Amino acid sequence: YGKWQGVYTWFRKWRDEGILEEIFRILSADADMENLSIDSTSVKVHQKRKWRKKGDKPKSVGRSRGGLNTKIHTIVDGLGNPVYFQLSAGNINDSTVAVDVLSHVDISKSNVLGDKAYGTNEILDYIQRQDSEYTIPPKANTVNPWRCDWPLYKERHLVECFFQKLKWFRRVATRYDKLDASFLAFVYLASIAILVK
């Protein structure tokens with residue numbers, strides 16, 4: 001690969017020009033949109049990093065019970081291939097950003113699979129307004145529980161399997177990058193490697 005300065009210069013250039021994201025979009029353009037699974041995974045932030053300086057823009061880093069974390073919100077298609085990524089702080093609930101994540105993907109005529117965290121009225125209404133269906137189990141304390149197709153719900157394991165593949169990349173499994181753009185660019189790079197296998 002040559003000297004690390006040269007490799008980093010090219011990585012930064014591709015990050016800033018959106019080349020890695022564009023390659024990812026081209027590779028994921030032919031997605032199987034029949035069933036879409038949505039979920040998030042937490043990534044520990046490396047403890048030696050200083051994340052906030054006075055005047056810095058807020059980064060997708062938040063404190064949870066396990067320390068500083070970043071969440072990667074992901075949508076995968078019916079084959080388990082990634083379609084969209086978004087970062088948030090680790091202390092943000094999945095349901096808070098779910099509508100924003102879903103709005104970046106054309107989910108019309110699709111079936112959205114998610115765990116109980118996505119069973120809020122706002123998310124379910126958004127999915128139905130997009131002429132889509134959902135397979136999301138109701139929480140135990142739901143006043144009017146709905147029917148869940150449990151055999152179809154088992155297909156949600158595809159998003160968990162994708163996270164397992166993604167975390168084989170050490171730089172994704174632990175966040176070393178200070179900038180959100182750099183971390184997300186490497187998530188795209190790791191996904192490209194997974195998609196071309």
Looking at region 89-136 only, could you name the residues that are of a type in the set (S, T, N, Q), closer than 28 Å to VAL45 by Cα and open to solvent by less than 30 Å² (accessible area, probe 1.4 Å)?
SER95
All but one of (1) open to solvent by less than 20 Å² (accessible area, probe 1.4 Å); (2) modelled with pLDDT under 95 hold for HIS73; state the number of the condition that does not hold.
(2)
Take the residues in region 158-185 that are open to solvent by 40 Å² or more (accessible area, probe 1.4 Å) and among the aromatic types (Phe, Trp, Tyr), then tell me which one is farthest from the chain's Cα centre (by Cα).
TYR176
Conditions: (1) modelled with pLDDT under 95; (2) assigned to a strand (DSSP E or B). GLN86 meets all but one. Number of the miss?
(1)
Hey, among the residues in region 144-157 that are without any contact (Cβ under 8 Å) to a residue 60 or more places away in the chain and in a helix (DSSP H, G or I), which one's surrounded by the most Cβ atoms within 10 Å (Cβ to Cβ)?
TYR153
Could you please give the count of residues in region 14-25 that are open to solvent by less than 90 Å² (accessible area, probe 1.4 Å) and part of a helix (DSSP H, G or I)?
7
What pairs come up if the first residue lies in region 25-36 and is closer than 7 Å to GLY78 by Cβ, the second is surrounded by 12 or more Cβ atoms within 10 Å (Cβ to Cβ) and among the basic types (Lys, Arg), and their beta carbons are under 8 Å apart, counting only those six or more places apart or on different chains?
none
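The values are calculated or read from the model by the stated rules, or taken from the named source; none is laboratory data. Just so we're clear, the structure is a prediction, and the values are computed from it rather than from any experiment. Every residue, glycine as well, gets a Cβ built from its backbone with ideal geometry; the counts of neighbours run over all protein chains shown. These area figures cover heavy atoms from the full protein model, side chains too; ligands, DNA and RNA do not enter into them. Shrake-Rupley method; radii C 1.70, N 1.55, O 1.52, S 1.80 Å.
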